[in-house]
Amino acid sequence: MIEEILFLKSLREFNRRLWLPSFFFHFGLYLAIAAVGCAALATACGLSSFGTRFSAFVHVLAPIATFAGAVGAALIVAGACWLLMHRTTDPALKNSTHAGDIFNLLFFIAAFALLIGGYLLRAPGAASLGEFARGAVHFDRGIRIGAAFGAGLILASMLLAYIPYTHMAHFIAKYFTWHAVRWDDRRNERGSGLESKVAASLGYKPTWSAPHVGADGQRTWAEIATSNPTSEAQTARETQK
Amino acid sequence: MSGKINLRDVSRQDSEPLIHVENEELMPLPAPLESPEKDRAWAALTEQCRSRYECGLDDTCAVNIPKPKTREEEEQLVARFLSGLDKLFDKENNWTFLEPLLLTMEHCTGCQTCAESCHIFEASGRNELYRPTFRSEILRRLYFKHVRRGALLSAWQHGSIQLNWPLVARLIELSYRCNLCRRCAQSCPIGCDNGLVARELRKLFSQEMGIAPREIHENGSMLQLKAGSSTGMTAEIVKDNVAFVDEDISERTGIAVHTPWDVEGADVLLIHNAGEIMAWPENPGAFALILTMAGVNWTMSSELAAYDAINYGLWYDDAQFARVALKHMEAARKLGVKRIVIGECGHAHKALCVIADRVLTGDLNIPRESYLPLLRDIVLSGKIKFAPTRNDFPVTLHDPCNMVRLMGVVEPQREILRALCPQFREMEPHGVDNYCCGGGSGFAIMSGNNFPDWRFHVSGRKKLEQILNAFADCPGPETPKYLCAPCSNCKGQFRDMITYYGLWQKSRIFYGGLVELVVNAMADVKPGFIDWEWR
């Protein structure tokens with residue numbers, strides 16, 4: 001599972017063409033998430049309420065956050081551009097590429113290009129990542145950030161809110177699909193919770209219309225499963241006679 | 001070549017096929033079929049078939065959907081499809097497979113990793129129509145538009161497609177261009193299951209519209225529920241036939257065999273695919289001999305449907321599936337057996353061991369298992385003496401998808417073959433990465449129109465390549481070779497495909513089960529149990 005999530009093992013084994021751009025893109029995302037985590041932790045360590053006990057961590061975490069953020073954003077932009085090229089030129093992807101997919105990639109490219117570009121090319125005196133994080137925690141409105149970096153932040157926030165409404169949430173869905181759905185091989189043992197769930201489901205009343213199913217909205221799945229459409233049909237024929 | 005089709009072509013109003021495949025476009029095969037000229041020509045669909053049935057998908061016709069006579073009839077059929085579509089995504093109607101289906105609908109990225117794993121797509125010469133995502137993408141667009149009631153924004157995000165009768169008719173046929181082998185699901189980086197999509201579409205068509213191939217519905221699950229077996233054998237006939245098999249096996253092996261029926265409290269209830277009894281009687285005979293010699297306390301059941309392990313509902317219909325599974329379990333409960341053991345039938349393995357596990361409750365949930373671990377234990381126990389030199393001919397093993405990829409039973413059969421077959425060689429790839437025989441999901445018993453041409457040229461092609469490669473060191477007819485296929489359905493496909501390509505005459509490729517190899521190697525049995533007579 002870890003190998004699959006971090007290094008996209010299936011893609012590497014079965015679809016090498018798309019693996020590297022996808023790996024860049026996803027690994028960049030993980031680094032960006034790690035950068036946010038490190039920046040948050042560094043900020044927490046630097047809070048005055050903790051005294052000076054953790055202040056040394058700030059000096060370790062802040063450069064890690066900056067490095068991970070920069071590399072992560074660069075990988076995201078590179079990976080997204082590469083994927084965009086595949087999406088627009090590869091005939092194999094044509095039938096399953098929608099306008100929304102192109103938009104999503106452009107959204108990522110714009111947000112993270114602005115973030116990394118805005119940060120690296122920031123004006124002298126503009127806040128560093130650590131200063132920005134501290135300022136955000138303290139609601140310090142005096143913090144100065146560049147326009148491009150600010151636009152990147154706004155876009156990234158919008159992107160974060162947008163992702164759950166798209167199939168891009170697949171990296172979260174993957175946790176559920178990988179084992180629980182794809183190879184769900186928990187045994188249904190007598191008296192288990194799983195058996196209770198199955199029993200409850202057998203009480204549902206389906207409405208499928210094909211005659212052989214025999215569903216009328218009143219019979220349960222259990223009743224349908226214990227019926228025999230051939231003997232019922234035979235009985236109906238005999239009754240007609 | 002018309003493989004470069006657009007998804008929207010499925011809504012085309014004309015009844016002309018979307019694609020046509022030539023032998024030259026198919027994946028090349030090794031010798032002796034190395035050039036397209038050596039390949040068989042396809043039979044064309046008859047004019048009668050084209051005029052009566054919907055044949056607008058490709059070169060063949062599997063389901064025989066009568067053409068609607070009026071526009072109103074078309075509209076009614078589309079309305080029924082839409083009604084079924086809603087039910088497919090409704091928990092009360094589809095609690096069994098709703099979760100994986102929804103995840104597949106909502107989280108596929110369209111990366112096409114599944115296509116790289118699909119034997120049908122590869123063998124067809126990478127024809128767009130046979131991409132695993134082609135049918136899924138149609139269903140996905142319909143789902144977002146008609147189930148999620150998506151409007152313009154949804155169409156922009158997920159794509160759009162025009163729903164009409166030609167689309168529904170083509171989708172029905174397209175749901176029968178997948179073997180449901182789930183190799184694609186195994187390789188999907190997300191865990192989406194395009195095999196399940198094909199199966200769920202079949203379910204919609206069967207359970208809502210009453211549309212399914214005659215071979216698997218009327219002559220399959222319905223006949224099994226009526227007569228007791230899809231072969232049409234009633235309990236009296238099957239007992240007679242098995243008595244004849246016992247007699248024949250006793251004579252051929254020199255060891256008296258008697259199949260016990262309806263023994264209460266037996267350790268093992270053995271259920272065969274009843275097709276074995278009619279088409280390959282040496283298989284149930286070999287089982288009876290092995291279990292008898294190993295001293296296993298076993299029985300067969302003469303209850304309705306319980307002497308035939310098949311469960312075709314697995315491929316297309318939940319109601320039919322549950323009914324047959326319950327018949328099997330009720331027979332086991334009635335006899336009070338300790339466990340059910342499934343014979344050489346792949347889909348029966350998955351049906352009763354895996355899928356039924358989410359249907360059975362209480363005292364119906366009796367342990368069920370594959371025959372393979374039991375057979376391995378018997379062979380390696382030392383209870384029976386073996387002379388592996390009797391099996392000194394090239395043997396390769398086909399991994400039935402349902403037993404191997406979908407249940408994880410990989411090693412027992414190999415331990416047996418390594419012990420008993422000195423010239424055993426693997427196909428590549430094998431185990432859970434195997435390729436389907438091409439007859440999976442009902443195709444092996446579907447022989448209407450020119451469908452066999454499609455299943456040998458396309459769905460069976462990758463496996464045929466594997467078989468020929470496995471015997472590449474001894475290709476000629478002077479060396480008899482054994483293709484071990486421990487599954488009735490796969491054997492049916494191999495029998496037909498080897499015959500179709502004349503490979504018994506050209507290469508002396510024989511096929512058979514695993515238990516036949518075990519009996520052939522028994523030291524106390526008359527030599528020559530495998531008779532190398534083509535059947």
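The values are calculated or read from the model by the stated rules, or taken from the named source; none is laboratory data. Please read all numbers here as calculations on a predicted model, not as lab measurements. Ideal geometry is used to build each Cβ from the backbone, glycine not excepted, and the neighbour counts take in all protein chains shown. Accessible surface is based on the protein model in full, side chains and every heavy atom, while ligands, DNA and RNA are left aside. Shrake-Rupley method; radii C 1.70, N 1.55, O 1.52, S 1.80 Å.
With the condition kept exactly as written, say whether any residue in the stretch B:514-526 is under 24 Å from B:Glu215 (Cα atoms) and open to solvent by 10 Å² or more (accessible area, probe 1.4 Å).
Step one: of the stretch B:514-526, the residues under 24 Å from B:Glu215 (Cα atoms) are none.
Among the residues of the stretch B:514-526, not one is under 24 Å from B:Glu215 (Cα atoms) and open to solvent by 10 Å² or more (accessible area, probe 1.4 Å), which makes the answer no.
Only one of B:Met233, B:Met222 is more than 12 Å from chain A (Cβ to nearest Cβ) and under 30 Å from B:Trp454 (Cβ atoms). Can you tell me which? Working first, answer last.
On the way: B:Met222 fails: more than 12 Å from chain A (Cβ to nearest Cβ).
Selected residue: B:Met233, the only one of B:Met233, B:Met222 that is more than 12 Å from chain A (Cβ to nearest Cβ) and under 30 Å from B:Trp454 (Cβ atoms).
Among the candidates B:Thr70, B:Thr109, single out the residue that is open to solvent by less than 60 Å² (accessible area, probe 1.4 Å) and hydroxyl-bearing (Ser, Thr, Tyr).
Details: B:Thr70 fails: open to solvent by less than 60 Å² (accessible area, probe 1.4 Å).
Testing whether each residue is open to solvent by less than 60 Å² (accessible area, probe 1.4 Å) and hydroxyl-bearing (Ser, Thr, Tyr) leaves just B:Thr109.
With the checklist (1) at the interface with chain B (Cβ under 8 Å from one of its Cβ atoms); (2) surrounded by fewer than 16 Cβ atoms within 10 Å (Cβ to Cβ); (3) modelled with pLDDT under 95 in hand, flag the one item A:Pro211 doesn't pass.
(3)
Hey, can you tell me all the residues within the stretch A:214-232 that are assigned to a loop (DSSP other than H, G, I, E, B) and more than 8 Å from chain B (Cβ to nearest Cβ)? Steps first, answer last, please.
The initial filter retains those residues of the stretch A:214-232 that are assigned to a loop (DSSP other than H, G, I, E, B), namely A:214-220, A:226-228.
Across the stretch A:214-232, the qualifying residues are A:Asp216, A:Gly217, A:Gln218, A:Arg219, A:Thr220.
Can you spot a residue in the stretch B:166-181 that is free of Cβ contacts under 8 Å to residues at least 12 places away in the same chain and either basic (Lys, Arg) or open to solvent by 10 Å² or more (accessible area, probe 1.4 Å) (or both)?
No, there is no match, as no residue in the stretch B:166-181 is free of Cβ contacts under 8 Å to residues at least 12 places away in the same chain and either basic (Lys, Arg) or open to solvent by 10 Å² or more (accessible area, probe 1.4 Å) (or both).
Can you list the helices (runs of 4 or more DSSP H) found entirely within the stretch B:37-151 that contain at least 3 residues being within 14 Å of another protein chain (Cβ to nearest Cβ) and out of contact with any strand residue (DSSP E or B) (no Cβ under 9 Å at 6 or more places or on another chain)? So that I can check it myself, show each step before the final result.
Working: elements: B:47-52, B:71-88, B:98-107, B:113-117, B:119-123, B:132-142.
Of the helices (runs of 4 or more DSSP H) lying wholly inside the stretch B:37-151, those with at least 3 residues that are within 14 Å of another protein chain (Cβ to nearest Cβ) and out of contact with any strand residue (DSSP E or B) (no Cβ under 9 Å at 6 or more places or on another chain) span B:71-88, B:98-107, B:113-117, B:119-123, B:132-142.
Would you be able to tell me the number of residues in the stretch B:264-281 that are more than 25 Å from B:Gly382 (Cβ to Cβ) and under 29 Å from the mean Cα position of the chain (by Cα)?
Just the residues of the stretch B:264-281 that are more than 25 Å from B:Gly382 (Cβ to Cβ), to begin with: B:264-265, B:269, B:271-281.
Those left that are additionally under 29 Å from the mean Cα position of the chain (by Cα): B:269, B:271-281.
So the answer is 12.
Look through the stretch B:193-210, keep the residues that are at the interface with another protein chain (Cβ under 7 Å from one of its Cβ atoms) and either touching a residue at least 12 places away in the same chain (Cβ under 8 Å) or in a helix (DSSP H, G or I) (or both), and return whichever of them is surrounded by the fewest Cβ atoms within 10 Å (Cβ to Cβ). Write out each step before concluding.
Residues of the stretch B:193-210 at the interface with another protein chain (Cβ under 7 Å from one of its Cβ atoms): B:193, B:206-210.
With the extra rule that they be either touching a residue at least 12 places away in the same chain (Cβ under 8 Å) or in a helix (DSSP H, G or I) (or both), the set shrinks to B:193, B:206-209.
Details: B:Asp193: 28, B:Ser206: 28, B:Gln207: 27, B:Glu208: 24, B:Met209: 19.
Looking at residues that are at the interface with another protein chain (Cβ under 7 Å from one of its Cβ atoms) and either touching a residue at least 12 places away in the same chain (Cβ under 8 Å) or in a helix (DSSP H, G or I) (or both), I get B:Met209.
What is the number of the single condition among (1) within 30 Å of A:Phe103 (Cα to Cα); (2) modelled with pLDDT under 95 that B:Asn127 does not meet?
(2)
Scan the stretch B:463-490 for residues that are more than 30 Å from B:Leu129 (Cα to Cα) and open to solvent by 10 Å² or more (accessible area, probe 1.4 Å) and jot them down. Break it down into steps so the answer makes sense when it comes.
Here is the first cut: in the stretch B:463-490, the ones more than 30 Å from B:Leu129 (Cα to Cα) are B:471-484, B:486.
If the condition is that a residue be more than 30 Å from B:Leu129 (Cα to Cα) and open to solvent by 10 Å² or more (accessible area, probe 1.4 Å), then B:Ala472, B:Asp473, B:Cys474, B:Pro475, B:Gly476, B:Pro477, B:Glu478, B:Thr479, B:Pro480 are the ones that fit.
Residues to consider are A:Leu129, A:Leu114; find the one that is within 25 Å of A:Gly79 (Cβ to Cβ), in the same structural domain as A:Gly28 (by TED's automatic domain parsing), at pLDDT 95 or above and open to solvent by 30 Å² or more (accessible area, probe 1.4 Å). Give the derivation first.
Details: A:Leu129 fails: at pLDDT 95 or above.
Sole residue among the options that is within 25 Å of A:Gly79 (Cβ to Cβ), in the same structural domain as A:Gly28 (by TED's automatic domain parsing), at pLDDT 95 or above and open to solvent by 30 Å² or more (accessible area, probe 1.4 Å): A:Leu114.
Would you point out which residue out of B:Gly448, B:Gly460 is at pLDDT below 95, open to solvent by less than 40 Å² (accessible area, probe 1.4 Å), under 25 Å from B:Arg214 (Cβ atoms) and not hydrophobic (A, V, I, L, M, F, W, C)? Walk me through it before giving the result.
Numbers: B:Gly460 fails: at pLDDT below 95.
Exactly one of B:Gly448, B:Gly460 is at pLDDT below 95, open to solvent by less than 40 Å² (accessible area, probe 1.4 Å), under 25 Å from B:Arg214 (Cβ atoms) and not hydrophobic (A, V, I, L, M, F, W, C), namely B:Gly448.
Tally up the residues in the stretch A:197-208 that are open to solvent by 20 Å² or more (accessible area, probe 1.4 Å) and either more than 7 Å from chain B (Cβ to nearest Cβ) or of a type outside the set (Phe, Trp, Tyr) (or both), please. First the steps, then the outcome.
At the first step, the residues of the stretch A:197-208 found to be open to solvent by 20 Å² or more (accessible area, probe 1.4 Å) are A:197, A:199-200, A:202-205, A:207.
From what's left, either more than 7 Å from chain B (Cβ to nearest Cβ) or of a type outside the set (Phe, Trp, Tyr) (or both): A:197, A:199-200, A:202-203, A:205, A:207.
Counting residues in the stretch A:197-208 that are open to solvent by 20 Å² or more (accessible area, probe 1.4 Å) and either more than 7 Å from chain B (Cβ to nearest Cβ) or of a type outside the set (Phe, Trp, Tyr) (or both) gives 7.
If you take the residues in the stretch A:152-167 that are open to solvent by less than 40 Å² (accessible area, probe 1.4 Å) and at pLDDT 80 or above, which one is nearest to the other protein chains (Cβ to nearest Cβ)? Write out each step before concluding.
Narrowing the stretch A:152-167 to residues open to solvent by less than 40 Å² (accessible area, probe 1.4 Å): A:152, A:156, A:159, A:163, A:166-167.
Within this subset, residues satisfying the condition of being at pLDDT 80 or above are A:152, A:156, A:159, A:163, A:166.
Working: A:Gly152: 24, A:Ala156: 20, A:Leu159: 15, A:Ile163: 12, A:Thr166: 7 Å.
The selected residue is A:Thr166.
Within the stretch A:99-111, work out how many residues are open to solvent by 20 Å² or more (accessible area, probe 1.4 Å) and at the interface with chain B (Cβ under 10 Å from one of its Cβ atoms).
Residues that pass the stated criteria total 2.
Give the residue that is farthest from B:Arg455 (Cα to Cα), with candidates limited to residues of the stretch B:152-176 that are in a loop (DSSP other than H, G, I, E, B) and among the polar types (S, T, N, Q).
From the stretch B:152-176, those in a loop (DSSP other than H, G, I, E, B) are B:159-164, B:175-176; that's our starting set.
With among the polar types (S, T, N, Q) added as a condition, the list becomes B:160, B:162, B:164, B:175.
On the way: B:Ser160: 31, B:Gln162: 30, B:Asn164: 28, B:Ser175: 14 Å.
Filtering first and then ranking leaves B:Ser160.
Of the numbered conditions (1) in contact with a helix residue (DSSP H, G or I) (Cβ under 9 Å, 6 or more places away or on another chain); (2) assigned to a loop (DSSP other than H, G, I, E, B); (3) buried (at least 16 other Cβ atoms within 10 Å of the Cβ), B:Lys4 satisfies every one except a single condition; which is it?
B:Lys4 satisfies all of (1) in contact with a helix residue (DSSP H, G or I) (Cβ under 9 Å, 6 or more places away or on another chain); (2) assigned to a loop (DSSP other than H, G, I, E, B); (3) buried (at least 16 other Cβ atoms within 10 Å of the Cβ) except (3).
Of the conditions (1) in a helix (DSSP H, G or I); (2) within 15 Å of the chain's Cα centre (by Cα); (3) aliphatic (A, V, I, L, M), B:Val432 clears all except one; give me its number.
(2)
Which residues, taken from the stretch B:211-229, are open to solvent by 10 Å² or more (accessible area, probe 1.4 Å) and either charged (D, E, K, R) or in contact with a Phe, Trp or Tyr (Cβ under 7 Å, 6 or more places away or on another chain) (or both)?
At the first step, the residues of the stretch B:211-229 found to be open to solvent by 10 Å² or more (accessible area, probe 1.4 Å) are B:211-212, B:214-215, B:217-219, B:222-223, B:226-227.
The answer is B:Ile211, B:Ala212, B:Arg214, B:Glu215, B:Glu218, B:Lys226.
If B:Leu360 satisfies every condition in (1) open to solvent by 10 Å² or more (accessible area, probe 1.4 Å); (2) within 14 Å of chain A (Cβ to nearest Cβ) but one, which is the exception?
(1)
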